[in-house]
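Enquirer: Following this message is one structure expressed as structure tokens.
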Amino acid sequence: MALYNKEFSQSGSTQNVELEVLGLKEIEEMFKKLPERISQQAVWTKFWRDVSKPLVKAAQEEAPVADKDIPYPPKPSLTIKRETLKKSIGFFTTKSSREQFGGYVGPRVKGRYKKNKGGYFGAWIEYGDKVEFFGKYTGRAQTYMADAWDRAHRRVLTSGMKSAEKIYTKALKADEKRLKKYGTLGY
């Protein structure tokens with residue numbers, strides 16, 4: 001990820017601070033050492049879910065909240081409850097992200113947040129001045145995800161190795177326990 005070297009002065013003396021953040025290459029090598037019985041995709045999903053928690057929390061805090069329930073434009077009789085966008089923000093995976101051992105943080109638009117449930121309009125709020133709503137008009141952009149990334153990305157990047165070690169040992173212990181209980185037939 002990064003090797004950071006900075007000089008700063010404190011009460012007249014100059015000090016050199018080095019911060020080394022181990023990157024994805026090291027984490028990837030660590031996860032490759034796991035036995036083949038353990039699903040790489042499951043381990044990486046646990047890793048990204050754990051590492052992205054500060055970003056999810058920051059995005060939920062930055063998400064704008066409407067003053068009142070909003071009518072669902074195609075069917076005005078339906079409404080989108082206030083704070084729905086905030087509740088819809090989380091970590092999720094898609095088929096393509098699972099193939100790359102990754103995931104996404106943002107408003108979820110499937111499951112309980114589809115159609116008039118509100119997760120779909122997260123992009124309209126983030127990119128309101130660039131996206132046309134129902135092909136008719138644009139709005140005002142409120143960049144809650146960009147602000148959340150600016151606020152939390154350092155915590156996400158620096159907590160990676162610590163989380164990777166924890167997930168690695170937990171996966172090894174679970175594998176050992178399963179082998180002890182079921183043998184090779186447990187897989």
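The values are calculated or read from the model by the stated rules, or taken from the named source; none is laboratory data. In this text, all values refer to a predicted model and were calculated from it rather than measured experimentally. All Cβ positions, glycine included, derive from the backbone under ideal geometry; neighbour counts span all protein chains shown. Heavy atoms of the whole protein, side chains included, go into the accessibility calculation; ligands, DNA and RNA do not. Shrake-Rupley method; radii C 1.70, N 1.55, O 1.52, S 1.80 Å.
Enquirer: Take residue 68 and tell me if it is basic (Lys, Arg) and assigned to a helix (DSSP H, G or I).
Expert: No; evaluated as a whole, the condition is false for this residue.
Enquirer: Hey, among 84, 79, 93, which residue is in contact with a strand residue (DSSP E or B) (Cβ under 6 Å, 6 or more places away or on another chain) and modelled with pLDDT of 75 or more?
Expert: Criteria check complete, one pass: 79.
Enquirer: Looking at the range 148-173, which of its residues are open to solvent by 60 Å² or more (accessible area, probe 1.4 Å) and closer than 10 Å to residue 55 by Cα?
Expert: Hits for the range 148-173 are 149, 150, 151, 154, 155.
Enquirer: On to the next question. Of 34, 55, which residue is in contact with a His (Cβ under 9 Å, 6 or more places away or on another chain) and either charged (D, E, K, R) or at pLDDT 75 or above (or both)?
Expert: From the options 34, 55, the qualifying one is 55.
Enquirer: Check off (1) surrounded by fewer than 18 Cβ atoms within 10 Å (Cβ to Cβ); (2) modelled with pLDDT of 75 or more for residue 105 and give me the number that stays unchecked.
Expert: It fails just one condition, (1).
Enquirer: Still on this structure: Here's a check for you: in the range 43-79, which residue that is open to solvent by less than 40 Å² (accessible area, probe 1.4 Å) and of a type in the set (A, V, I, L, M) is farthest from residue 159 (Cα to Cα)?
Expert: Looking at residues that are open to solvent by less than 40 Å² (accessible area, probe 1.4 Å) and of a type in the set (A, V, I, L, M), I get 66.
Enquirer: OK, next. Can you give me the number of residues within the range 71-109 that are under 27 Å from residue 44 (Cβ atoms), in a loop (DSSP other than H, G, I, E, B) and touching a residue at least 12 places away in the same chain (Cβ under 8 Å)?
Expert: Going through the range 71-109 one residue at a time, the tally reaches 6.
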